[in-house]
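Single-structure report; data block below.
The values are calculated or read from the model by the stated rules, or taken from the named source; none is laboratory data. These numbers come from a predicted model, not from an experiment. No Cβ is skipped: glycine too gets one built from the backbone with ideal geometry, and neighbour counts run over all protein chains shown. Surface accessibility is based on the protein's heavy atoms, side chains included, excluding ligands, DNA and RNA. Shrake-Rupley method; radii C 1.70, N 1.55, O 1.52, S 1.80 Å.
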Amino acid sequence: MTNQILGHEQIQHIINRIAYQIYEANPNEKEIIIAGIEGGGVLFAKRIAQVLDRVTDATITRCKVIMDKKNPLESGVETSLDESTYKNKSVVLIDDVLNSGTTLIYGVHYFLRTPLKQLKTAVLVNRNHKKYPVKADYKGISLSTSLHEHITVDFTSKRYRVYLD
């Protein structure tokens, strides 16, 4: 059984809210790095970056974080930007769903190798099943779900949706 938990208008509201929270946390920055984790994180980050482009004069630089989500320790983590691009800058690491925290913690670990002004995290759905001490600084919704349930985020259609299976 599939249940829709967020509809298009709700997701649009969350995207706007998170973008404004990022803007408010970086009022004097000339550049903000928006780093989306490959998959749904890149799509969510793209939507947030589009709002930030409209509301701030800061340069919004997009970055793709690449890793094997099932085995990030083996695959390692890479980004689409050279390290010098985000050094001493404000970075927001974005994913669609925070489940166990594995993907987010490896993404955070990657960026911690470089001096940054600040590093924040954002997710659309926080599932509260963390096995690592990582949190989302900005989150759309928090859900207490069973380990057997699955969250599906659909950014592919013109009407965004989040489902619980």
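Observations
- In range of the label at SER157: residues from the stretch 1-21 whose backbone nitrogen is under 20 Å from the point 7 Å along Cα→Cβ: 1-15
- Gaussian network model of the chain, Cα within-10 Å springs - most flexible of ASN99, ASN16, ASN71: ASN71
- Using only side-chain charges placed at the Cβ, +1 for Lys and Arg and -1 for Asp and Glu, the dipole size of the chain relative to its Cα centre rounds to 180 debye.
- Prolate/oblate/rounded call for the chain, Cα gyration tensor, a/c under 1.5 rounded: oblate
- Largest mean-square fluctuation among GLU29, GLU149, GLU38, in a Gaussian network model of the chain whose springs join Cα atoms under 10 Å apart, belongs to GLU149.
- Taking the DSSP beta bridges with both ends in the stretch 1-109, the antiparallel portion is around 15 percent.
- Cα gyration tensor shape of the stretch 34-102, rounded if a/c is under 1.5, else prolate or oblate by comparing a/b with b/c: oblate
- Shape call, the stretch 1-51: gyration tensor on alpha carbons, a/c limit 1.5: oblate
- Percent accessible area from carbon and sulfur atoms, the chain, protein chains only, probe 1.4 Å: 48 percent
- For the chain: accessible area per residue (Å², 1.4 Å): 52 Å²
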